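These notes concern the structure reproduced below.
FYI, it's all coordinate maths here, none of it is from the lab. Quick caveat: nothing in here was measured; it's all calculated off a predicted structure. Cβ atoms come from the backbone with ideal geometry, glycine included; neighbour counts cover every protein chain shown.
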Amino acid sequence: MLLNYIIRRTLWAFPFMFAASIVAFALITLPPGDYVTTFAQTLSQSGDVVDETRLAALRERYGLDQPFIIQYFRWISGVLVGDFGISFEWQQPVAGLIWERLGLSFILEISTLIFAWGLALPIGIYSAIRKYSVGDYVASVIGFIGLAVPNFLIALVLMYIAVVHFGTDVSGLFSPEYRQAPWSFDKFVNLLTHIWIPIIILGTSTVAGLIRIMRANLLDELNKPYVTTARAKGLTEFNLILKYPVRLALNPFVSTIGWAFPQLISGAVITAYVLALPTSGPLLLQALLAQDMYLAGAFILLLCCFSIIGMLVSDILLAIVDPRIRFR
Amino acid sequence: MATVADPRAAELTADAHASQLVLTWRAFRKHKLALFSAIVVLLFAIVGIFAEFLAPFDPNVTTSKDLYHPPQGIHLIDTAEDGSWSVRPFVYAMKVTRDPMTLQSSYAPDENRKIYLGFFAEGASYSMWGLIPSNRHFVTTVNPAERFYLFGTDRLGRDVLSRTIHGTRISMSIGLLGVTLSLIIGLILGGLSGYYGGTIDMVVQRLVELILSLPTIPIWLGLSAALPQDWPPLIRYFAITVILSLVGWTELARVVRGRFLALRTEDFVTAARLDGGSQLRVIFRHMMPSMFSHIIASVTLAIPAMIIAETALSFLGLGLMPPTISWGVLLKEAQNVRSIAQAPWLFIPGGAVCLAVLALNFLGDGLRDAADPYSNDGR
């Protein structure tokens, strides 16, 4: 039954990815004029000689004079074998530019999610059990701040404090000597010493949302008769809370990966830009500003796919935790 | 006392006669925080509406001698040299000293020079809403040649206070306009999906799920990058609004659909239908009033999301662009560490964003709890 559900749900992800690929490609073709025109403009502005035959060859290769469907088909069949087209700004294949940045984005987003869970779960439980205590109010206030202050503003304020009061620069994911270095254990350790700052910045709003959800769910459960029964039977308070109400309150908590993950990806773009992280956000922005659409399209497509897979994982986890879902 | 025809009538309290609006208001009034937030939101609205009058200066005027001028504090009591005093608001002028090596200016208050301020004084001329020409400002310098800066100035010597006030108009209105557009899309699609069910419901629900599963900022960025750079500011403003609502309608559609599904099987709706009411009459006369308060609450909660989205887009340089002034455009000035280290007051528009977003969220929470005055869950 569970396997059946997982297969059904996984199959559902494919039409979604197909739709996402159409969205991404529509964004590629959206700017006025095709890329080759923009490219030619950039060349002539910088005083280079525009080679008409080369432009014609580029048009031919991407089918730019063909209708949308054919252009899409050429693009997507390339994407499926790992060819995302050429970045005109960088003059090299898109595929070579994106994977390391996407990998770092992925690491950042997953660690943020784990961080948010690890922090929100105990705080949410505490807030619900000690309702209206000082700790609960402190958690609520932090929650509201996380809700109201945009990620990038937190990032800016932190950078300001770091520069003015501590004289250090908190941007980037690596120390300068590791930036161009190949991957090694030392580089990984260096990453760990930097990544916690964007994780905290990115995690605040997610933590805030999760605390609110956990608290509300647990409060609903705590007043139910089975809790009284368990208490009457002499269970210790700690075991009682963790074993029954928390387990039930966890269900909506698991489903939050579904909505939190797309939000994290969104938030990571802008936070990464402020902190100048070597992740996908800043390069995506740069590509969009330069109308380097194959590069931008690849990022948009892959970020959307991340997000859809995140939703899929969340649904499957939910089915594992809650048997009722599988039978719907 | 006359015999009562219906024994239930004897138990009727004043509450039972109150209209839904009165009941909602009573429930809402109990939320002190929401009530306070409503006042804050109202103040933001007033600032946005009367921006030209409330701003002391023209937000786009640059002053080459006041670059990164720090904020000045207002003094109310003016003491003359002979010891007599009077109530007259003024600020101390700042003396500039320029570092000969770095050419960086540093400002220090000059206690000998006072710049007097006047309420409703005459200053730079403007035309209110593009209609009424005037030159009166709520507070400005008495001598039009002088300037004062409550919030400091930016890198071109423009008054941050005036700019924040004008930004309030654009940022708040883009939230309101964007949500209105989202509401129209959400009402149509959510209503169709909830009222008819079946295949339409299936399609709309899948569409909502698809949009919810996509990360919004990359999509927004992609869409706004496609806007031609040479569009006039007003067109760009509307285009950005449309882009924001193209993604933002899903939550409202969900609420509308949920309410339609819940109401469809209610007795009074069935009665109206069996009574021969047309479909439009059933929807607008009988169902709409019952979901109105829920929609208002969801709309209030959707506005802050729009404001943050606009701020984020403009901050990244793909949303609104100068000369349009929005909070996001202003925060773009605070983008690099060097300028905020030198001029931390550039964060002030960010404070406005946070305050507005927080107030709208509290207001929305209060409205949502008050939206259903018949429920007795003790909230």
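Just tell me, in residue order, which DSSP H segments of chain B are both 27 angstrom or longer along the helix axis (alpha-carbon based) and at least 0.0 in mean Kyte-Doolittle hydropathy.
Values: long enough: B:160-196 (52 Å, 1.19); B:288-315 (40 Å, 1.43); B:348-370 (33 Å, 1.14).
Those that clear 27 Å and a mean of 0.0 are B:160-196, B:288-315, B:348-370.
Could you check the simple spin-label distance between B:Val242 and A:Arg8, using points 7 Å along Cα→Cβ, in nm with one decimal?
4.0
Run the quick spin-label model on B:Glu146 and A:Leu43: label points 7 Å from Cα toward the beta carbon, then report their separation in nm to one decimal.
For the pair B:Glu146/A:Leu43, the computed spacing is 6.1 nm.
Could you tell me which residue out of A:Gly118, A:Phe25, A:Gly96 lies farthest along the dipole of the protein assembly as shown toward its positive end? Charges go on the beta carbon: Lys and Arg +1, Asp and Glu -1, centred on the Cα centre.
A:Gly118
Taking 0.36 nm per residue of separation and subtracting the Cα-Cα distance, what length does fully extending A:Lys224 through A:Leu30 add? Intermediate results must be reported in sequence, preceding the final value.
Working: separation 194, 0.36 × 194 = 69.84 nm, distance 5.48 nm.
Taking 0.36 nm per residue and subtracting the Cα distance, the gain is 64.4 nm.
Any idea what the dipole of chain A comes to, in debye rounded to 20, about its Cα centre with Lys/Arg Cβ at +1 and Asp/Glu Cβ at -1?
Details: 21 positive and 20 negative charges, 375 e Å.
Roughly 1800 debye, rounded to the nearest 20.
Check which residues have an amide H placed less than 5 Å from B:Gly319's amide H, if you skip close sequence neighbours.
It is B:Ser314, by chain and number.
Tell me, how many Å apart are the Cα centres for the stretch B:70-117 and for the stretch B:224-276?
Computed from Cα coordinates, the inter-centre distance equals 52 Å.
Give, rounded to the nearest 20 debye, the magnitude of the charge dipole that the protein assembly as shown has about its Cα centre when Lys and Arg contribute +1 at Cβ and Asp and Glu contribute -1 at Cβ. Mind dumping the intermediate values first?
Details: 51 positive and 49 negative charges, 375 e Å.
Here the size comes out at about 1800 debye.
If we count other beta carbons within 10 Å of each Cβ, what is the order of B:Asp267, B:Asp66, A:Asp136, A:Asp169, fewest first?
Working: B:Asp267 7, B:Asp66 21, A:Asp136 18, A:Asp169 12.
Ascending Cβ contact count within 10 Å gives the list B:Asp267, A:Asp169, A:Asp136, B:Asp66.
In terms of modelled amide H atoms, which long-range or inter-chain residues lie less than 5 Å from the amide H of B:Leu67?
none
Neighbouring Cβ atoms within 10 Å as the yardstick, rank A:Val138, A:Val170, A:Val207 fewest first.
On the way: A:Val138 12, A:Val170 18, A:Val207 26.
Ascending Cβ contact count within 10 Å gives the list A:Val138, A:Val170, A:Val207.
When Lys and Arg each count +1 and Asp and Glu each count -1, what net charge do the other residues less than 15 Å away from B:Asp154, Cβ to Cβ, add up to?
On the way: positive: B:Lys65, B:Arg147, B:Arg155, B:Arg158, B:Arg163, B:Lys332, B:Arg338; negative: B:Asp58, B:Asp66, B:Asp159, B:Glu333.
Every neighbour counted, the sum reads +3.
Treating the angle as unsigned and between 0 and 90°, give the value, to the nearest 10°, between the Cα long axis of helix A:35-45 and the longest Cα principal axis of chain A.
Tilt relative to chain A: about 60 degrees.
Looking at B:Gly130, B:Phe120, B:Ser84, which one has the Cα that reaches farthest to the positive end of the dipole of the stretch B:81-172 (charges on Cβ: Lys, Arg +1; Asp, Glu -1)?
Final value for the positive-end residue is B:Gly130.
In the neighborhood of A:Ser280, defined by Cβ-to-Cβ distances under 11 Å, what is the net charge if each Lys or Arg adds +1 and each Asp or Glu adds -1? Each step should come with its number before you reach the end.
Details: positive: A:Arg101; negative: A:Glu100, A:Glu109.
Counting the neighbours of A:Ser280, the net charge comes to -1.
Take B:Thr180 and B:Trp231, extend 7 Å from each Cα along the Cα→Cβ direction, and tell me the distance between the two endpoints in nm.
So the two model labels end up 1.8 nm from each other.
What does the average come to when, for each residue of peptide B:205-214, you count the partner chain Cβ atoms lying within 10 Å of its Cβ? Mind showing how you got there, number by number?
Values: counts 0, 4, 1, 0, 5, 7, 3, 5, 17, 15.
Whole-number average of other-chain Cβ neighbours for B:205-214 is 6.
Check the straight Cα-Cα distances from A:Lys131 and name the lysines below 30 Å, setting aside those fewer than 8 residues away within the same chain.
Result set, ordered by chain and number: A:Lys224, A:Lys233, A:Lys243, B:Lys30, B:Lys32.
Order these peptides, A:283-292, B:339-348, by their mean beta-carbon neighbour count within 10 angstrom, highest first. Before the final figure, lay out each step's value.
Numbers: A:283-292: 22.8, B:339-348: 18.5.
Ranked by mean Cβ neighbours within 10 Å, highest first: A:283-292, B:339-348.
Suppose the chain between B:Phe119 and B:Ile74 were pulled fully straight at 0.36 nm per residue; how much longer would it get relative to their current alpha carbon spacing? Write out the running numbers ahead of the final one.
Details: separation 45, 0.36 × 45 = 16.20 nm, distance 1.31 nm.
Gain on stretching B:Phe119 to B:Ile74: 14.9 nm.
How shielded is A:144-156 by partner chains, expressed as the average number of their Cβ atoms within 10 Å of its Cβ atoms?
On the way: counts 5, 2, 0, 6, 12, 7, 12, 2, 10, 12, 1, 0, 10.
Partner-chain Cβ atoms within 10 Å, mean over residues of A:144-156: 6.
Rounded to the nearest 500, what is the protein assembly as shown's calculated 222 nm mean residue ellipticity when only DSSP H runs of at least 4 contribute -39500 (n - 2.57) each, over all residues?
Numbers: 30 runs with 461 residues, N = 707.
Computed mean residue ellipticity for the protein assembly as shown: -21500 deg cm²/dmol.
All other residues with a Cβ under 12 Å from the Cβ of B:Gly123 taken together, and with Lys, Arg as +1 and Asp, Glu as -1, what is their net charge?
-3
If R0 is 56 Å, what FRET efficiency do you get for B:Phe268 and B:Ser105 from their C-beta distance, rounded to 0.05? Don't skip to the answer; put the middle values down first.
Values: r = 71 Å, r/R0 = 1.27.
Using R0 = 56 Å, I get an efficiency of 0.20.
Which is the longest run of chain B containing none of the GluC sites (Glu not before Pro) found in DSSP loop states (not H, G, I, E, B) with at most 13 other C-beta atoms within 10 Å?
B:82-265
Can you give the average number of partner chain beta-carbon atoms within 10 Å of each beta-carbon in peptide A:11-21, as a whole number? Intermediate results must be reported in sequence, preceding the final value.
Numbers: counts 0, 2, 1, 0, 2, 5, 1, 0, 6, 4, 0.
The per-residue average across the peptide is 2.
Treat every Asp and Glu Cβ in the stretch A:220-328 as -1 and every Lys and Arg Cβ as +1, leave all other atoms uncharged, and give the resulting dipole magnitude about the Cα centre to the nearest 20 debye. Intermediate results must be reported in sequence, preceding the final value.
Working: 8 positive and 6 negative charges, 123 e Å.
Value, rounded to 20: 600 debye.
Would you kindly state how much longer the chain becomes between B:Lys32 and B:Gln342 on full extension, computed as 0.36 nm times their sequence separation minus their alpha carbon distance, in nm to one decimal?
Values: separation 310, 0.36 × 310 = 111.60 nm, distance 3.95 nm.
Full extension from B:Lys32 to B:Gln342 adds 107.7 nm.
Could you tell me which residue out of A:Leu202, A:Met214, A:Val269 lies farthest along the dipole of the stretch A:194-328 toward its positive end? Charges go on the beta carbon: Lys and Arg +1, Asp and Glu -1, centred on the Cα centre.
A:Met214
Please give the FRET efficiency for A:Asp322 paired with A:Gln91, using the beta carbon to beta carbon distance and R0 = 45 Å, rounded to the nearest 0.05. Display every interim value, and only then the final one.
Numbers: r = 51 Å, r/R0 = 1.14.
The calculated FRET efficiency here is 0.30.
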